[in-house]
Amino acid sequence: MHASAQLAAGQRIVWDTLTDYERLREFVPGVRRARVLERQGDRLLLEQSGVFAVLFFELPVQLRLDVLHLPYTTVIAQLAPAGAGGESTLRSFSGRYRISNALPPAVVRLDYDARFELAAPLPPLVGPVFGVAAVRQTMRAQFEAMLREIERRQQALTDAEPPG
């Protein structure tokens, strides 16, 4: 899956929104919990749970991600082994956010690339091809929600600045 957008937002606002893991559930649909389990420099272990909405099904999502931060340009995430007593919903996952300066000035480009494979087959009624398309659509909706939060934060910052 690939998604891209240009935003009239500061690079730091974009970065801070992408890496605000503890608050993801407040602005990303389907995320019920995200928490940092370990942090060592620019690497961290993130545990996330929630749901993918697939037609009238909710597919539970439980995973751990090894995340690498390359401040303030790149966030790389890969599926980590599940913790004790937990199973991942995905067999494989890799994702990357890339923040770059764009033209005109004061505009940044945000690219998101992700590859995933479900650990268990979807119900026969949904089917593998349609189910994967629905999960991709959910991921796209989550990306769009991230964009709205970035724009909201940028607007709040702009509104707080004194005129002149």
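The values are calculated or read from the model by the stated rules, or taken from the named source; none is laboratory data. Worth saying up front: this structure is predicted, and the values here are computed from it rather than measured. Positions of Cβ are backbone-derived with ideal geometry, glycine not excepted, and every protein chain shown enters the neighbour counts.
For this structure, a couple of remarks:
- From LEU59, LEU68, LEU46, LEU63, residue being closer than 24 Å to THR17 by Cα, assigned to a strand (DSSP E or B) and modelled with pLDDT under 95: LEU63
- Checked against (1) modelled with pLDDT of 95 or more; (2) touching a Phe, Trp or Tyr at 6+ places or on another chain (Cβ under 8 Å), THR19 passes all but condition (2).
- Within segment 138-158, residues that are in contact (Cβ under 8 Å) with a residue 24 or more places away in the chain and closer than 12 Å to ALA3 by Cα sit with their Cβ atoms under 7 Å from residues that are part of a helix (DSSP H, G or I) and polar (S, T, N, Q), at 6+ positions apart or across chains, in these pairs: MET146/THR17.
- Residue within segment 140-161 that is at pLDDT below 85, aliphatic (A, V, I, L, M) and surrounded by 12 or more Cβ atoms within 10 Å (Cβ to Cβ) present: no
- Some residue of segment 28-45 being surrounded by 14 or more Cβ atoms within 10 Å (Cβ to Cβ), over 16 Å from the mean Cα position of the chain (by Cα) and under 28 Å from LEU7 (Cα atoms): no
- Residue within segment 74-92 that is over 16 Å from the mean Cα position of the chain (by Cα), in a loop (DSSP other than H, G, I, E, B) and at pLDDT 85 or above present: yes
- Considering (1) in a strand (DSSP E or B); (2) surrounded by 14 or more Cβ atoms within 10 Å (Cβ to Cβ); (3) modelled with pLDDT of 95 or more, the lone condition that PHE116 does not fulfil carries the number (3).
- For SER92, the conditions (1) surrounded by 16 or more Cβ atoms within 10 Å (Cβ to Cβ); (2) over 19 Å from LEU110 (Cβ atoms); (3) of a type in the set (Gly, Ala, Ser) all hold with the exception of (1).
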